[in-house]
Amino acid sequence: MNNESIMDLIPNRTALVLIPRLAAILFIFLQVVGMKVYPGGTMYDVSTIGYSFSKNFFSDMGAYAARNGEPNYLSMIIFSLSLTIVGVTFSLYYLFLARVLGSQDRINNLLVSIGTLFAIGGSICMIGTGFTPSDIVFAAHVFFANNIFHCFLVTALFYTIAIFRSDSLKKRYAMGYAIFFISIFFYVGILQYGPSANSGESALIFQVISQKMIVIVFCCSVIHQTFGFSQSGILDR
């Protein structure tokens, strides 16, 4: 059975509305649980009890050992599971989104094809981030984690243009995707030119809060788009 026939078994509405909403809710739930079971410790204070929202990166939950030196197995498993769920969901989401928006004309087909290619790359990086504990394979972890945003920066740009050109969605959804693109653009700038978390606790807090904000924007952007598709007739077979 080829990929096209597999996609035909899943309704567009399921892939573009129901599954992304469930995945976003599950991701948030798993992050909260992971924070709750994280043993403790931050980069500058190993005596911290539990997870600090402003001083612990998401990646701290995915480490083999917590910052305080205690085993971190449960939080690590939850972190890996959450990113795997989101990575698989996003790959599916953008394959279906390309089929829906790319069918309108040749230019949109090119735009969404490029956007989807980078989205799949970003999704693979999500899964890679979950399976490369930062305290064991730091270089690989940073590579995957940073390239999530580099890939989705390209995806957001091309899909912003494609949605603006589309007559199927209201323009406010294109504006929402444009905000998504701008947010990732600024975060990539922070990754490249912002203060290093190693330079002091204030820089650590800045980097951690920036990471939390872009992840929130990520989730809100996907959920926002699902409302556009749920109200549109383009998903009806």
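The values are calculated or read from the model by the stated rules, or taken from the named source; none is laboratory data. If you're wondering where the values come from, they're calculated on a predicted model, not measured in any experiment. All Cβ positions, glycine included, derive from the backbone under ideal geometry; neighbour counts span all protein chains shown.
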Problem - Any chance Y173 is over 17 Å from the mean Cα position of the chain (by Cα), crowded, with 17+ Cβ neighbours inside 10 Å and assigned to a helix (DSSP H, G or I) - result: yes
Practice task
Scan the range 21-35 and report the pairs whose first residue is among the polar types (S, T, N, Q) and whose second residue is assigned to a helix (DSSP H, G or I), with Cβ atoms within less than 9 Å and a gap of 6+ or a chain change.
Solution key: Q31/F58; Q31/M61; Q31/I78; Q31/F79; Q31/S82; Q31/V215
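Just to be sure, is V215 of a type in the set (V, I, T) and modelled with pLDDT under 95?
When the stated conditions are applied, V215 passes them.
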Practice task
Kindly list the number of the only condition in (1) at pLDDT 95 or above; (2) at positive phi that fails for G69.
Solution key: (1)
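Listed here are the residues, each with its yes/no results for (1) under 20 Å from F90 (Cβ atoms); (2) among the aromatic types (F, W, Y).
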| position | (1), (2) |
| --- | --- |
| I136 | no, no |
| A139 | no, no |
| I148 | yes, no |
| T160 | yes, no |
| F180 | yes, yes |
| I190 | no, no |
| P195 | no, no |
Handout entry: Out of F227, F152, F185, F206, sole residue that is buried (at least 20 other Cβ atoms within 10 Å of the Cβ), part of a helix (DSSP H, G or I) and of a type outside the set (S, T, Y)
Key = F152
Practice task
Collect the residues in the range 50-101 that are without any contact (Cβ under 8 Å) to a residue 40 or more places away in the chain and charged (D, E, K, R), keeping them in residue-number order.
Solution key: R67, E70
Problem - Condition met for I124 (aliphatic (A, V, I, L, M) and in contact (Cβ under 8 Å) with a residue 60 or more places away in the chain) - result: no
Handout entry: Verdict on R237 being farther than 28 Å from V32 by Cα, assigned to a helix (DSSP H, G or I), at pLDDT below 95 and of a type in the set (K, R)
Key = no
Completion exercise
Restricted to the range 94-113 and to residues being of a type in the set (V, I, T) and closer than 16 Å to Q225 by Cβ, the residue surrounded by the fewest Cβ atoms within 10 Å (Cβ to Cβ) is V100
Practice task
Quickly run through the range 127-149 and pick out the residues that are surrounded by fewer than 18 Cβ atoms within 10 Å (Cβ to Cβ) and either in a helix (DSSP H, G or I) or in contact (Cβ under 8 Å) with a residue 12 or more places away in the chain (or both).
Solution key: F131, D135, I136, F138, A139, A140, V142, F143, N146
